[in-house]
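Colleague: Structure in structure tokens, see below.
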Amino acid sequence: MGQQLGRRSWAEPWKIKMVEPIHMISREERQKAIEKAGFNTFLLRSEEVYIDLLTDSGTSAMSDRQWAGIMLGDESYAGSRNFYHLEEAVQSYYGYKYVVPTHQGRGAEHLISQAVIKPGMFVPGNMYFTTTRLHQELAGGTFVDVIIDDAHEPSNTHPFKGNIDLDKLQALIDKVGADRIAYVSLAGTVNMAGGQPVSMANLRALRELCDKHGIRIYLDATRMVENCFFIQEREDGYADYSIAGILKEFCSNTDGAWMSSKKDHLVNIGGWLAVNQEDVFDLARNMVIIYEGLHTYGGMAGRDMEALAIGIAESVNDEHVRSRVEQVRYLGQLLIDWGVPLMCPVGGHAVFLDAKQMYPHIPQNKFPAQTLAVELYLDSGVRSMERGIVSAGRDPDTGDHRYPALELTRLAIPRRVYTQAHMDVVAESVKAVFDNRESSLGLKMVREPQYLRFFQARFERIQPDVDG
Ligand SMILES: Cc1ncc(COP(=O)(O)O)c(C=O)c1O
């Protein structure tokens, strides 16, 4: 099965030195747990979960070197040497001039949004991300999706589904004027589109268009090394480049980046904002002390910054990135072979199940992707996350649900944590839920928080005779 397909297999470039026991509770206990959690996988306790694919954020296993770095923490309030290691790593691998540390990605999103967006401005981007768009809206901006149409079609196998549609961007510029565009918000890879990459050619063309109109490009670099792997694999002329080389070239076409280091950088906490403009840096460095901490720690302990600086160097290792993406693909391919509908091609950090196709009998306002996450948990204790109508939230102007084209349930794979056997268990559980798909009826939302509702909303099961 799987890798035994008559070809040579890959293997992870590490061996396991320490383990954390996990345990599957009984079906009755899982039933009680998910009811208590309001049918929201975010509200489960981790002890109630067997294989945790809720997120790849902050859930990676650190290396022995990173743990050694933890012991080298310089916990001085100001001027910690670990900050300078971090600054050097960002400058050397990403190539930006100025670095502001933050506690995680959304801290950096807050800073860049407040520093650059004025009320009434527009922020075009390659599909929204939940926290990114909210920070852009809270700063008075309006996000406009300018990703290529292919990204909204799960079975479309375009190799760079994260690309920007330059005609859509040009149309926005013509409509509102370049001076009302705060910046282009470019994510590599695109989380909500299934971890899909942006090509170097698309970025170059984007750079040219933006230069013509004096518009800046800021990059969400959270999963950029995975994006670089896809460029190396799929884009003409890059097969002999290293991940590090592609990363440097990609970033050189942008004006700055924000980073959730909890992903690519193999740490449990941390992030940064890095820019090339001194004025934006000055503003962000001043603001970070209000919201995060002094500009030489930004909410991280010295030890966190040391582990992060080491993690940056490890994250661009070609063998590491390959094995990380191939593990995700291994799970995806098992499911494709069994006819389970999912977002294609399989992306960099997760397999995204297509709940719309799996449950054609459940309308989107009865939350098919949330339902699928619940069924999967009940079947095997595997925890996943809704990435559909619940995550999309409500339109701030009309107050109605936003109805995204994609209604997905995400199985995110933490880095260096689970084995191929875990992937087999997950795949078999998805298959069992898929085979039993007609019995699922959907959910109704009974508690809805104002911001980022997917984290804390509560649901109840639809009862056939009561709810129709
Ligand atoms: C693409 C993307 N951008 C930004 C963030 C925000 O980062 P954080 O969770 O560290 O605040 C995330 C986190 O999930 C993400 O996936």
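The values are calculated or read from the model by the stated rules, or taken from the named source; none is laboratory data. Being a predicted model, the structure only gives us computed values, none of them experimental. We place every Cβ from the backbone using ideal geometry, glycine too, and count neighbours over all the protein chains shown. In case anyone asks, the SASA skips ligands and DNA or RNA and just uses the protein heavy atoms, side chains included. Shrake-Rupley method; radii C 1.70, N 1.55, O 1.52, S 1.80 Å.
Colleague: Accessible area of the chain with a 1.4 Å probe: how many percent of it is carbon plus sulfur?
Modeller: Taking all protein chains in place, the chain shows 49 percent carbon and sulfur surface.
Colleague: Then there's this: Give me the lysines in straight-line cross-link reach of LYS97: C-alpha distance below 26 Å, same-chain residues under 8 apart excluded.
Modeller: Correct list for LYS97: LYS118, LYS212, LYS248, LYS262, LYS263.
Colleague: May I pose another question? Evaluate 2.2 N^0.38 Å with N set to the residue count of the stretch 198-241, then give the Cα radius of gyration divided by it.
Modeller: Computed over Cα atoms of the stretch 198-241, the ratio equals 1.29.
Colleague: Moving on. HN-Hα J couplings of the stretch 435-445 from phi, Karplus 6.51/-1.76/1.60, θ = phi - 60°, integer Hz, Gly and Pro as x?
Modeller: Rounded to whole hertz, the list is 5, 9, 5, 5, 7, 7, 10, x, 9, 10, 8.
Colleague: Return the sequence-ordered ³J(HN,Hα) values of the stretch 79-88 in whole Hz as given by the Karplus equation 6.51 cos²θ - 1.76 cosθ + 1.60 applied to θ = phi - 60°, using x for Gly and Pro.
Modeller: Computed from phi, the couplings for the stretch 79-88 are x, 4, 5, 5, 4, 5, 5, 5, 4, 4 Hz.
Colleague: Averaged over all directions, how much area does the convex hull of the C-alpha atoms of the stretch 155-197 cover when projected, in nm²?
Modeller: 3.6
Colleague: What does the helix-only formula give at 222 nm for the chain: each DSSP H stretch with n ≥ 4 adding -39500 (n - 2.57), the total divided by the residues, and the result rounded to the nearest 500 deg cm²/dmol?
Modeller: Helix-only estimate at 222 nm: -12000 deg cm²/dmol.
Colleague: Compute the Rg to Rh ratio over the stretch 404-468 from the alpha carbon atoms, using the Kirkwood formula for Rh, and round to two decimal places.
Modeller: 1.06
Colleague: First select every other residue whose beta carbon is under 14 angstrom from the beta carbon of LEU138; then total the charges, Lys and Arg +1, Asp and Glu -1.
Modeller: +1
Colleague: Here is a follow-up. State, as an integer percentage, the relative contact order of the stretch 14-108 based on alpha-carbon contacts under 8 Å between residues 6 or more apart.
Modeller: It rounds to 15 percent for the stretch 14-108.
Colleague: Moving on to the next point. Please identify every one of the chymotrypsin sites (Phe, Trp or Tyr not before Pro) in the stretch 289-386 that sits in a loop by DSSP and has no more than 16 other beta carbons within 10 Å of its own beta carbon.
Modeller: TRP338
Colleague: Write out the trypsin sites (Lys or Arg not before Pro) in the stretch 323-403 meeting two conditions: DSSP loop, and at most 16 other Cβ atoms within 10 Å of their Cβ.
Modeller: When the trypsin sites (Lys or Arg not before Pro) of the stretch 323-403 are filtered for loop state and at most 16 Cβ neighbours within 10 Å, ARG402 remain.
Colleague: Let me ask you something else. Hey, can you grab everything whose amide H is under 5 Å from the amide H of TYR359? Only 5+ residues off in sequence or another chain; H modelled, so Pro and N-termini drop out.
Modeller: Residues meeting the amide H criterion: none.
Colleague: Quick one: accessible area per residue over the stretch 191-272, 1.4 Å probe, rounded to a whole number of Å²?
Modeller: Each residue of the stretch 191-272 exposes 29 Å² on average to a 1.4 Å probe.
Colleague: Taking amide H positions as placed 1.01 Å from N in the peptide plane, with prolines and chain starts having none, which residues 5 or more places from TRP272, or on another chain, fall under 5 Å of its amide H?
Modeller: Sorted by chain and number, the residues that satisfy this are THR102, MET259, SER261.
Colleague: Defining a contact as two alpha carbons under 8 Å apart and six or more residues distant in sequence, what relative contact order in percent does the chain show?
Modeller: 23
Colleague: Identify, among ILE173, TYR291, ALA139, the residue whose Cα sits farthest towards the positive end of the charge dipole of the chain, taking +1 on the Cβ of Lys and Arg and -1 on the Cβ of Asp and Glu, with the dipole about the Cα centre.
Modeller: Farthest towards the positive end: TYR291.
Colleague: Let me ask another. Please list 3J(HN,Hα) in residue order for the stretch 95-108, calculated via the Karplus relation 6.51 cos²θ - 1.76 cosθ + 1.60 where θ = phi - 60°; whole Hz, with x for glycine and proline.
Modeller: Ordered by residue, 3J(HN,Hα) equals x, 7, 7, 10, 10, 10, x, 9, 5, 6, x, 5, x, 6 Hz.
Colleague: Would you give the gap between the C-alpha center of the stretch 207-265 and the C-alpha center of the stretch 310-341, rounded to a whole Å?
Modeller: Using only Cα atoms, the two centres lie 19 Å from each other.
Colleague: By its C-alpha gyration tensor, with a ≥ b ≥ c as the square roots of the eigenvalues, how is the stretch 192-294 shaped: rounded for a/c under 1.5, else prolate for a/b larger than b/c, else oblate?
Modeller: Cα axes put the stretch 192-294 in the oblate bin.
Colleague: How much accessible area per residue does the stretch 297-451 have, in Å², with a 1.4 Å probe?
Modeller: Using a 1.4 Å probe on heavy atoms only, each residue of the stretch 297-451 averages 33 Å².
Colleague: Tell me, what is the FRET efficiency for SER242 and LYS15 to the nearest 0.05, using R0 = 25 angstrom and their Cβ-Cβ distance as r?
Modeller: Taking R0 as 25 Å, the efficiency between SER242 and LYS15 is 0.60.
Colleague: Also, quick follow-up: Would you mind checking which residues have amide H under 5 Å from PHE122's amide H? H placed 1.01 Å from N; only 5 or more apart, or other chain.
Modeller: Those lying under 5 Å, H to H, from PHE122 are THR142, ILE181, ALA182.
Colleague: Would you kindly calculate the translational diffusion coefficient of the chain, applying Stokes-Einstein with the Kirkwood radius from alpha carbon pairs, for 10 °C and a viscosity of 1.306 mPa s, and quote it in µm² s⁻¹ without decimals?
Modeller: 70
Colleague: What accessible area per residue, rounded to a whole number of Å², is obtained for the stretch 44-159 using a probe radius of 1.4 Å?
Modeller: So the stretch 44-159 comes to 42 Å² accessible per residue, rounded to a whole number.
Colleague: Output the Cα-based Rg and Dmax of the stretch 96-236 in Å, rounding Rg to one decimal and Dmax to a whole number.
Modeller: Using the Cα atoms of the stretch 96-236, the pair Rg, Dmax is 14.5, 41 Å.
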